[in-house]
Amino acid sequence: MQAMDIEKVNSMDFGEFVDVFGNVIERCPLIAAAVWSQRPFSNLEDLEKHFFAFIDALPQSGREGILRCHPDLAGRELQQGTLSAESLREQRGAGLTSLDAGERLRLAELNGQYRARFGFPFVLAARRSDRAAVPRELERRLRCAPAQELRTALAEVKKIGHLRLADLLGAHPAGL
Ligand code: 2AL
């Protein structure tokens with residue numbers, strides 16, 4: 001999609017806004033729907049602030065719900081071709097679409113252990129990682145305390161959202 005400026009964002013009607021920003025937080029278009037009411041936005045940071053404030057205001061069940069809306073890294077949705085366009089791009093960028101069978105199996109195993117321990121899926125901003133770092137980070141986070149892990153996972157959701165918003169508004173330094 002063509003990058004857009006903040007005036008264009010502020011001029012969007014509800015339907016257009018949700019179409020464009022509905023997946024800034026993976027499979028949570030409700031957040032974009034709520035953020036639309038807060039316009040006008042002064043800039044990208046201001047827009048982002050509203051997305052994140054919505055997340056922070058949720059009860060724990062809602063924050064865990066956001067995590068549960070994320071597909072596993074190199075998981076079933078990737079194999080079945082049902083990832084969102086954004087998620088596929090991120091997972092491909094990290095090399096997760098070209099794992100060998102052993103790497104895939106290892107990640108599936110770790111993802112399963114993580115979900116069993118914390119009750120939500122492992123979430124990591126794939127564009128800030130790569131195929132070698134993902135299992136290492138998964139192993140490390142598996143040892144964290146649940147309350148800390150919930151905070152870490154939501155910080156990753158925000159990193160993903162930050163990068164997706166920056167894509168839409170053309171605010172990336174080249175290549176990031
Ligand atoms: C994802 C995803 O779909 N994109 C990304 O950066 N991370 N999923 C996940 N479970 O971490």
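The values are calculated or read from the model by the stated rules, or taken from the named source; none is laboratory data. Because the structure is predicted, anything quoted here is derived from the model rather than measured. Cβ: placed from backbone, ideal geometry, glycine included. Neighbour counts: every protein chain shown. Just the protein is used for accessible areas: all its heavy atoms, side chains included, with ligands, DNA and RNA removed. Shrake-Rupley method; radii C 1.70, N 1.55, O 1.52, S 1.80 Å.
The sole residue among Ala101, Ala53 that is under 19 Å from Lys158 (Cβ atoms), without any contact (Cβ under 8 Å) to a residue 12 or more places away in the chain and more than 10 Å from the ligand (Cβ to nearest atom) is Ala53. Restricting the range 109-126 to residues that are part of a helix (DSSP H, G or I) and open to solvent by less than 60 Å² (accessible area, probe 1.4 Å), which is nearest to the ligand (Cβ to nearest atom)? Here the answer is Ala126.
Does Arg39 satisfy being in a helix (DSSP H, G or I), in contact (Cβ under 8 Å) with a residue 24 or more places away in the chain, surrounded by fewer than 20 Cβ atoms within 10 Å (Cβ to Cβ) and not acidic (Asp, Glu)?
When the stated conditions are applied, Arg39 does not pass them.
Look at (1) more than 16 Å from the ligand (Cβ to nearest atom); (2) in a loop (DSSP other than H, G, I, E, B) and you find that Asn23 fails only one, number (1). For Pro71, are the conditions met, namely being buried (at least 16 other Cβ atoms within 10 Å of the Cβ) and either free of Cβ contacts under 8 Å to residues at least 60 places away in the same chain or of a type in the set (A, V, I, L, M) (or both)? When the stated conditions are applied, Pro71 passes them.
Of all residues in the range 74-94, those that are open to solvent by less than 30 Å² (accessible area, probe 1.4 Å) have Cβ atoms under 7 Å from Cβ atoms of residues that are near the ligand (Cβ under 8 Å from one of its atoms) and basic (Lys, Arg), 6 or more apart or on another chain, in Glu90/Arg127; Ala94/Arg127.
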